[in-house]
Structure formats: structure tokens, C-alpha cells
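Here is the structure we will look at.
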Amino acid sequence: DVGAGGRSNGGKEWGRGHRPRQSQRDQSLHLGWTAITTSCGIAFFFCVRMQILCLGLSHHTAPVELRERLAYSHAALQAALARCGCGRDAHPQGVAELVILSTCNRLELYAAVSGTQESGDEGVRGAPFVPLLSFIAETRGLPAAEFEAHLYRREGAEVVEHLCRVAAGLDSMI
């Protein structure tokens, strides 16, 4: 079969204005969709490879004194998130979406980043996490060297599994 624009679509029914279904393999690659709608109302969908990251520390990895220094108050959390607002240039480089989870026993940043993100630290272990590490250091006013050794890093399916454990209380101190 031939879809919109004369391109073969392998027998699937889709064309302009229709989003192709993701295969099981595509879903495991954390693909996001970006839509562009023309003035005529025709939508074109583009697949964007995204990577899900979690950078954090908890009662398992850091002493209470450090967790207290890194915890975001309500005002500090609002200020940090405001940096990531629409049109702001101060958001972490390459980060499309950001969630900050800050409690007395953990600080975690969950981020969706472009899978083709360029990093100035190519070859460095954890290079995709460098912008998140810098974001914590800048918004909390602490040198990264003071807390970097206590951080854990998770990617992809590991992030989803970890977040489910945290949300269910399976990773709680109590």
C-alpha cells in the first residue's frame, strides 16, 4: 500500500492527519510524538526519540544532613521550576520535560531528554546526567562535588520501575 506522499507504509492504514501506531519495539525506545498542523488543518506527526532519566539521592545513599541541605522548600521549588518555563533559556540543556520530587528523605529529578542530545562531555560516564547535576548544584547553591558521590542514575525502563516503587511506598524509609 502507498500512504500519503506516495511512500509505502507496509500495508498500514495511515496518511496525512493520522498518527501511525507504535510497534512494541518503538514503545520500548521511549518515542515521543511531535505534531505540526498546517493552516489547512492537516496534521503531520514526527517521531522524536526521547530518553527518560532519573537523577537522585535518598535515605539509602545520603546522610540526613545532606538530604536536608538539598531539599527544596516550596518557594525554592517554585523558583527552580520557573527557570524551566516557556521561553526560558536557563533550563537544563537538552531537557524537554522535568519533574522534581523533593521530600525529607529523597531528592529526584525525572527528565525527558532528546535521545540524540549532544553533550560537551562525550565519553564521560553519565554524560546525559551532567545538565541535571548542574541544575541541582545551581538551584540549591551547593558545589556538585559535595553531593555527586551520593547520587544514583537511572535510565529508560529502570526509571519507570523505580518511580512505581517510590509511588507505592516500597522504597520508603518507614
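Taken together, the values in this text are just the output of simple stated rules run on the coordinates, not laboratory data. In this text, all values refer to a predicted model and were calculated from it rather than measured experimentally. All Cβ positions, even for glycine, are placed from backbone atoms using ideal geometry, and neighbour counts span all protein chains on display.
With the highest mean first, a sort of the peptides 159-171, 129-141 on other beta-carbon atoms found within 10 angstrom per residue produces 129-141, 159-171. The HN-Hα couplings worked out from phi for segment 165-170 by the Karplus form 6.51 cos²θ - 1.76 cosθ + 1.60 (θ = phi - 60°) are 5, 5, 5, 7, x, 6 Hz, whole numbers, x standing for Gly and Pro.
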